[in-house]
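The values are calculated or read from the model by the stated rules, or taken from the named source; none is laboratory data. Model, not experiment: these values are computed from the prediction. Positions of Cβ are generated from backbone atoms using ideal geometry, with glycine treated the same way; all protein chains shown enter the neighbour counts.
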Amino acid sequence: MTDRLPPTAEGIARAAELLRDGAVVAFPTDTVYGVGVAAARPDRLDALFALKRRSPDRRIPMLVADLDQVAADGALLDDRARALTGRFWPGALTVVLARGDDTQAYRAPDHPLALALIRAAGPILATSANISDQPDTLGADEVLIAFATQRDELTAVVDGGPVPGGMASTVIDLSVTPARAAGRANRPRALTVAPGGGLRAGSSYRAERSTTACNRVVAAARTGPASRSRARASNGPSPK
């Protein structure tokens, strides 16, 4: 049976304990509800994929609280990564970084409960809290309905109230030079810095044009002041 945990210090501590023990836990983010396992427990990814009925060859991002957790995971951080995350995290920006002989996607969600949980439990390998290719969930009740026949597989959901839904995150691949924008099915997206400093992704540009725009965003992040501006995106892949 899935436990419903309150959005309190005690509830977050219990969720973090469950994650460290290998449980699959759902929680709110700045877009939709997510579900995940502790990054320190990659042996539990099979349980997460089974819950979602999702193919294990579809990789998922790691949710982190800050860049220090990315560094601790062994990812290669350069000045592009530091500039972009310094300007757009926490928010709807996912960066793909080289990590050893492979790559890993990272995002810091702009939601206080999610960040508190990540700080308590450590980084979380997370995806959207729904059956694969089914509608996203925007509240704890919807999560429980989505997994109604799998209550023994989802250990807990942290009830943080409704979340806004909305656009998925922009993904920038920094494992290559020049950087490139990533989209669904590897379709590139054109990127611009929107008025107010947010990050916006378009949908109808050729790959080379997207790469040029992406690197302009990187340059703007390097030269622009660090701010509380949030990354805004459209037509990008969901990090959850």
Exercise. Quickly run through segment 14-37 and pick out the residues that are closer than 18 Å to G165 by Cβ and either among the polar types (S, T, N, Q) or in a strand (DSSP E or B) (or both).
Key: A26, F27, P28, T29, T31, Y33, G34, V35
Quiz item: Has segment 98-111 got at least one residue that is touching a strand residue (DSSP E or B) at 6+ places or on another chain (Cβ under 8 Å) and farther than 25 Å from I131 by Cα?
Solution: yes
Quiz item: Quick check: is even one residue across segment 18-36 surrounded by fewer than 18 Cβ atoms within 10 Å (Cβ to Cβ), touching a residue at least 40 places away in the same chain (Cβ under 8 Å) and at positive phi?
Solution: no
Quiz item: Tell me, which residue of segment 37-66 that is surrounded by 14 or more Cβ atoms within 10 Å (Cβ to Cβ), of a type outside the set (F, W, Y) and without any contact (Cβ under 8 Å) to a residue 40 or more places away in the chain is nearest to T137 (Cα to Cα)?
Solution: R44
Quiz item: Mind checking whether some residue in segment 70-77 is in contact (Cβ under 8 Å) with a residue 60 or more places away in the chain and either charged (D, E, K, R) or crowded, with 16+ Cβ neighbours inside 10 Å (or both)?
Solution: no
Self-check item: Given (1) at pLDDT 95 or above; (2) more than 16 Å from I124 (Cα to Cα); (3) buried (at least 18 other Cβ atoms within 10 Å of the Cβ), number of the condition D3 does not satisfy
Solution: (3)
Quiz item: So V70 fits all but one of (1) within 18 Å of A168 (Cα to Cα); (2) outside the structural domain of V171 (by TED's automatic domain parsing); what number is the exception?
Solution: (1)
Quiz prompt | segment 105-138: number of residues that are over 21 Å from R82 (Cα atoms), surrounded by fewer than 21 Cβ atoms within 10 Å (Cβ to Cβ) and not hydrophobic (A, V, I, L, M, F, W, C) | solution = 6
